[in-house]
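Below: the structure, in structure tokens.
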Amino acid sequence: PPFVSVEVAGAADADESALAAEESCWLAPMVSGRRREFTMGRNAARRAMARLGVGPAAIGRHSSDRDPLWPAGIVGSISHAHGVVVAACARESDARAIGVDVERAGPLGADLVREICREDELEALRGVAPPAPSDWPKLLFSIKEAGYKAWFPSMRTPLEFHAMRVIPDPAARRFSAH
């Protein structure tokens, strides 16, 4: 939707000197790859907030789970996988929550399919060409990860994969999650 601001991090976003002091203090225990993704995510998120007209602000984190803590009036989500980092946010007056997930293309491991996917979800997709080069289980996993990121900030309770039901509409390239 037009009220959601999305930024994909680039190499310049790995600049740790652009972090707020509150964010920099969390870097010390991180391994280099995590440190880079954290920095890129926070810097991309700040750029996304700027597109909404929000001035420079730190993106805090919850002490119990390290989940991003957005400035008052903003909802958002950050995702990273294999060097790809994405941040999305919106004003709370426009969206109750934002969830975004990025994953490496390719099929979900066969050992994870039953852990992630409900039988009714898989049945709804039988006979529908999969989203190449991935497969439906991998897409369901990514949808559920994004859904969890939208759910958790307000509920603060864990949500198992099977507790979420994804209703896909491949023809419209849409889905709903309940």
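The values are calculated or read from the model by the stated rules, or taken from the named source; none is laboratory data. Quick caveat, the model's predicted, so the values are computed rather than measured. Using ideal geometry, Cβ is built from the backbone for each residue, glycine included, and neighbour counts are taken over all protein chains shown. Ligands, DNA and RNA are excluded from the accessible area calculation, which covers all protein heavy atoms including side chains. Shrake-Rupley method; radii C 1.70, N 1.55, O 1.52, S 1.80 Å.
Worth a mention:
- Projected area averaged over orientations for the range 77-178, convex hull of C-alpha atoms, nm²: 7.1 nm²
- Fraction in percent of alpha-carbon pairs per bin - 10 Å, the range 8-58: 28, 55, 16, 1
- Computed over the chain, the quotient of the alpha carbon radius of gyration and 2.2 N^0.38 Å is 1.08.
- The accessible surface of the range 98-137, taken with every protein chain in place and a 1.4 Å probe, is 57 percent carbon and sulfur.
- Where trypsin sites (Lys or Arg not before Pro) in DSSP loops with at most 15 other Cβ within 10 Å are excluded, longest remaining stretch of the chain: 1-65
- Estimated 222 nm signal from helices in the chain, with DSSP H stretches of n ≥ 4 weighted -39500 (n - 2.57), rounded to 500: -10000 deg cm²/dmol
- Translational diffusion of the range 84-134 was estimated from the Stokes-Einstein equation, with Rh taken as the Kirkwood radius over Cα pairs; at 10 °C and 1.306 mPa s the coefficient is 113 µm²/s.
- Net +/- balance of residues flanking Glu7 in space, Cβ distance below 10 Å, scoring K and R +1, D and E -1: +2
- Restricting the GluC sites (Glu not before Pro) of the range 114-178 to loop positions (DSSP other than H, G, I, E, B) with no more than 14 neighbouring Cβ atoms within 10 Å leaves Glu160.
- Between the range 123-153 and the range 24-44, the Cα center-to-center distance that results, in Å: 28 Å
- Normalised by residue count, the range 70-111 yields a Cα convex hull volume of 94 Å³ per residue.
- Probing with 1.4 Å while keeping every protein chain in the model, the per residue accessible area of the range 102-178 equals 62 Å².
- For the range 94-119 versus the range 1-16, the inter-centroid distance based on Cα atoms is 22 Å.
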